[in-house]
Amino acid sequence: MTSDLVVGIDLGTTNSSIAVIRRGLPEVLEGGDDGLVPSCVGLDSEGRIVVGSPARNQAVLFPDRTVLSIKRKMGSDEIVRLGETDYTPERISSYILGELVSRARATLRRDISRAIITVPAYFNDAQRKATRKAGELAGLKVERILNEPTAASLAYESDSSEASKILVYDLGGGTFDVSVVSIEQGVVEVLATAGNNHLGGDDFDALIVERLNLYLDEETKDDSHRSDRTVQARLRHAAEAAKKKLSTAPFAVIEEDNLKGSGRAPLNLSYELRRSDFEDDIQELLQGSLDEVTRSLNDAQVRAGDLGRVLLVGGSTRIPLVSRLLQERLGMAPHGEVDPDRCVALGAAIQAGMEAGEDVGSVLVDITPYTFGIRTRGDLDGLLSFHHYTPIIPRNSKLPVTKSDVFFSITPDQESAQVEVFQGEDPDTRNNTRIGGFRFDGLNKNENAYEDGIVVSYSLNVDGILDISARERVTGKQISGRIEDALAARPDDNVLELDLEDGPDQATADVAGELLLERVKAVLEKAPAEDLAEIKRLMKALESAVQRGDDEKADQVAGELSEILFFIE
Ligand code: ADP
Ligand code: MG
């Protein structure tokens, strides 16, 4: 057996993973459910140590027999009790490392005895020593303790020779760390770190669980479910699954039958969670993380504009709101294409390969260099416009990717909607490239259909084929189309028309313009006398612009009208 192989291990608070260089390329050894092993250790009913998912699954049911988030205790002399036995944090961590290594041995069919293990950049000497000790207890020779943001930067930049400053935003299950690093020729220096040791996906799950509990309080007129551990365990599980679903879809349905044990009336839960509600729930926590981002930049004395890249690390950065808020704050689109919950392990493997003098290739992923979105009505420079661009697939997304969002007709009695597909980054669709479009006719005209909206879904594959579908939620009516060369479309190319529906090609602005006029008419009596003349003038102008097909003018007038309308309604 050869023994020169050095593995990279991300020993995380919530999940851990292990990677190696194989055939010159870094690779995470998928062992568990999705390659990650929950950093969780427990005793099963027979008193045997279990590690990973089985331990995680019993955590809420048997808290006395389960240890979570041991990483927080590393470097302290706190003892944890499992059943009848006391364990040091190092010992518990060593079980997690042992599990990873035995999976890797099974996959690679060779012995593994040397490792690089990552730790947060802020870990002090005692915490680093404890991590090293955990490795030794697992029978490993720990070649090096590596900072997590350093590893993440290597996963992205190991092959670039240019000097650059990088911001690493790492939002995991229970911790948030942000670091500013500088990298040059594969050598990384951490300039500053900040964060919050108690912020992460677990908090988001808890907010969803609380929603579900409130709903059950209301449904059952009782709160006994709150003290029922089995119920709470299932709700937590369901909440996390729903949260993940919301990272790509605008709705998630949570369905749990027979929530209560036998002997009682069955308690069934069916709850639909909207992404927008979830985003409202977590907004404040994420804003807090942005303050830490600013703090780390200040400490490193780096301006946002001087950053070469912003990297997304940690499973919770898959939540689209995270990228949106970061882009708003820093003025650049963050990168998350190297799986955020694997890139630390990948980077550790790269470091191991570099130290072994190997020629290590960088992580290869296909990404979309552009954003794909849809034309909607919305705010443009403070005015309502019909040329508002709503992104659906953000740039830098790893391919293949499927994302969806929900849209609403402007009024309940609207019979058709225009789905116009754009590529580009500008908030105004007129500055982007229109690559296709179709009209969704025969919309249901009842109030529910209007409120439930239309789910528009984009799927982009590595060959640049973009599949688009629009589905009216109430009726399930769906139309779809395909753009063959979405990545190649340039401003000069002919616009592809998806031939889905005949009939006159009426732009959203026309329909919307008419609808706006109807809305104005409806509130005309309520309008204050001093506004009346102005409203009437604008109505005339809008009517004639719509008739002439002068989109530009219609848009401008509609914006002005909407503003006045806003005050009257
Ligand atoms: P660690 O804190 O150990 O570094 P990870 O980086 O693996 O943990 O992050 C784990 C967290 O990421 C969990 O809270 C998990 O629910 C969350 N997560 C994983 N995938 C997604 C997703 N698609 N959308 C939202 N959250 C996710
Ligand atoms: Mg992590």
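The values are calculated or read from the model by the stated rules, or taken from the named source; none is laboratory data. Being a predicted model, the structure only gives us computed values, none of them experimental. As a convention, Cβ positions derive from the backbone with ideal geometry for all residues, glycine included, and neighbour counts pool all protein chains shown. Side chains are part of the model used for accessible areas, which takes the heavy atoms of the whole protein and leaves out ligands, DNA and RNA. Shrake-Rupley method; radii C 1.70, N 1.55, O 1.52, S 1.80 Å.
Taking Ser224 as the residue in question, decide whether it is over 27 Å from Leu399 (Cβ atoms), open to solvent by 20 Å² or more (accessible area, probe 1.4 Å), more than 16 Å from ligand 2 (Cβ to nearest atom) and among the small types (Gly, Ala, Ser).
In short, yes.
Quick one: in segment 295-328, of everything that is among the hydroxyl-bearing types (Ser, Thr, Tyr) and under 11 Å from the mean Cα position of the chain (by Cα), which residue is farthest from ligand 2 (Cβ to nearest atom)?
Out of the qualifying residues, it is Ser323.
Name the residue, out of Leu269, Leu246, that is more than 17 Å from Arg473 (Cα to Cα) and touching a residue at least 24 places away in the same chain (Cβ under 8 Å).
Criteria check complete, one pass: Leu269.
Mind listing just one residue for me: the one in segment 390-402 that is within 14 Å of Val421 (Cα to Cα) and part of a strand (DSSP E or B) and, of those, most open to solvent (accessible area, probe 1.4 Å)?
Residues of segment 390-402 that are within 14 Å of Val421 (Cα to Cα), as a first pass: 390-394.
Keeping just the survivors that are part of a strand (DSSP E or B) gives 390-393.
Values: Thr390: 26, Pro391: 71, Ile392: 16, Ile393: 0 Å².
Checking each candidate, the answer is Pro391.
For segment 41-56, give me the residue count where each residue is in contact (Cβ under 8 Å) with a residue 40 or more places away in the chain and under 24 Å from the mean Cα position of the chain (by Cα). Full working, then the answer.
Of all residues in segment 41-56, those in contact (Cβ under 8 Å) with a residue 40 or more places away in the chain come to 41-43, 49, 51-52.
Subset that is under 24 Å from the mean Cα position of the chain (by Cα): 52.
Result for segment 41-56: 1.
For residues in segment 162-176 being closer than 14 Å to Val322 by Cβ and either outside any loop (DSSP other than H, G, I, E, B) or among the polar types (S, T, N, Q) (or both), which is farthest from ligand 2 (Cβ to nearest atom)?
Residue satisfying both the conditions and the ranking: Leu167.
Could you list, in sequence order, all residues of segment 293-304 that are charged (D, E, K, R) and out of contact with any Leu (no Cβ under 9 Å at 6 or more places or on another chain)? Please lay out each step first, then the result.
Keep residues of segment 293-304 that are charged (D, E, K, R), which gives 295, 299, 303.
Scanning segment 293-304 gives a single hit, Arg295.
Where in segment 270-359 are there helices (runs of 4 or more DSSP H), lying wholly inside it, with at least 1 residues that are hydroxyl-bearing (Ser, Thr, Tyr) and either open to solvent by 20 Å² or more (accessible area, probe 1.4 Å) or not assigned by TED's automatic domain parsing to the domain that holds Ser16 (or both)?
Here the list reads 275-300, 320-330.
Residues in segment 59-88 that are closer than 18 Å to Gly174 by Cα and either in contact with a Ser or Thr (Cβ under 7 Å, 6 or more places away or on another chain) or charged (D, E, K, R) (or both): how many?
Selection size over segment 59-88: 7.
Looking at Gly481, Gly503, can you tell me which residue is at pLDDT 80 or above and either open to solvent by less than 50 Å² (accessible area, probe 1.4 Å) or of a type outside the set (A, V, I, L, M) (or both)?
Result of the check over Gly481, Gly503: Gly481.
Conditions (1) within 22 Å of Arg303 (Cα to Cα); (2) surrounded by 22 or more Cβ atoms within 10 Å (Cβ to Cβ); (3) within 12 Å of ligand 1 (Cβ to nearest atom); (4) at pLDDT 95 or above, marked per residue:
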position: Thr150; (1), (2), (3), (4): yes, yes, no, yes
position: Ser158; (1), (2), (3), (4): no, yes, no, no
position: Glu162; (1), (2), (3), (4): yes, no, no, no
position: Ile166; (1), (2), (3), (4): yes, yes, no, yes
position: Tyr169; (1), (2), (3), (4): yes, yes, yes, yes
position: Asp177; (1), (2), (3), (4): yes, yes, yes, yes
position: Val180; (1), (2), (3), (4): yes, yes, no, yes
position: Leu191; (1), (2), (3), (4): yes, no, no, yes
position: Asp202; (1), (2), (3), (4): no, no, yes, yes
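Yes or no, residue by residue, for (1) free of Cβ contacts under 8 Å to residues at least 40 places away in the same chain; (2) of a type in the set (Lys, Arg); (3) within 16 Å of ligand 1 (Cβ to nearest atom):
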| site | (1), (2), (3) |
| --- | --- |
| Asp291 | yes, no, no |
| Arg303 | yes, yes, no |
| Val310 | no, no, no |
| Pro320 | no, no, yes |
| Leu325 | yes, no, yes |
| Val338 | no, no, yes |
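What residue, among those in segment 13-30 that are open to solvent by less than 10 Å² (accessible area, probe 1.4 Å) and among the small types (Gly, Ala, Ser), is farthest from ligand 1 (Cβ to nearest atom)?
Taking the candidates together, the pick is Ala19.
Considering (1) assigned to a helix (DSSP H, G or I); (2) within 19 Å of the chain's Cα centre (by Cα); (3) farther than 22 Å from Ser17 by Cα, say which one Tyr156 fails and leave the rest.
Evaluating Tyr156 over (1) assigned to a helix (DSSP H, G or I); (2) within 19 Å of the chain's Cα centre (by Cα); (3) farther than 22 Å from Ser17 by Cα leaves (3) as the failure.
Is it the case that segment 91-105 has a residue that's free of Cβ contacts under 8 Å to residues at least 24 places away in the same chain and either under 23 Å from Glu355 (Cα atoms) or in contact with a helix residue (DSSP H, G or I) (Cβ under 9 Å, 6 or more places away or on another chain) (or both)? Before the answer, list the steps.
If we filter segment 91-105 for residues that are free of Cβ contacts under 8 Å to residues at least 24 places away in the same chain, which is where we start, we get 102, 105.
Okay, now just the ones that are also either under 23 Å from Glu355 (Cα atoms) or in contact with a helix residue (DSSP H, G or I) (Cβ under 9 Å, 6 or more places away or on another chain) (or both), so 105.
Yes; the residues of segment 91-105 include at least one that is free of Cβ contacts under 8 Å to residues at least 24 places away in the same chain and either under 23 Å from Glu355 (Cα atoms) or in contact with a helix residue (DSSP H, G or I) (Cβ under 9 Å, 6 or more places away or on another chain) (or both).
Which of the residues belonging to segment 122-135 are touching a residue at least 60 places away in the same chain (Cβ under 8 Å) and surrounded by fewer than 21 Cβ atoms within 10 Å (Cβ to Cβ)?
Tyr122
If I filter segment 71-78 for residues that are more than 14 Å from ligand 1 (Cβ to nearest atom) and among the hydrophobic types (A, V, I, L, M, F, W, C), do I get at least one hit?
Checked against the condition, which is being more than 14 Å from ligand 1 (Cβ to nearest atom) and among the hydrophobic types (A, V, I, L, M, F, W, C), segment 71-78 yields no hits at all.
I'm trying to understand the selection: among the residues of segment 247-269, which are more than 16 Å from ligand 1 (Cβ to nearest atom) and in a loop (DSSP other than H, G, I, E, B)? Don't jump to the end; show me each part of the working.
Filtering segment 247-269 for residues more than 16 Å from ligand 1 (Cβ to nearest atom) gives 253, 255-269.
Within segment 247-269, Asp257, Asn258, Leu259, Lys260, Gly261, Ser262, Gly263, Arg264, Ala265, Pro266, Leu267, Asn268 meet the criteria.
For segment 1-93, please list each of the strands (runs of 3 or more DSSP E) lying entirely inside it that holds at least 3 residues being within 16 Å of ligand 2 (Cβ to nearest atom).
It comes to 6-11, 15-22.
Is there a residue in segment 454-468 that is on the phi > 0 side of the Ramachandran plot and either in a strand (DSSP E or B) or out of contact with any Ser or Thr (no Cβ under 8 Å at 6 or more places or on another chain) (or both)?
yes
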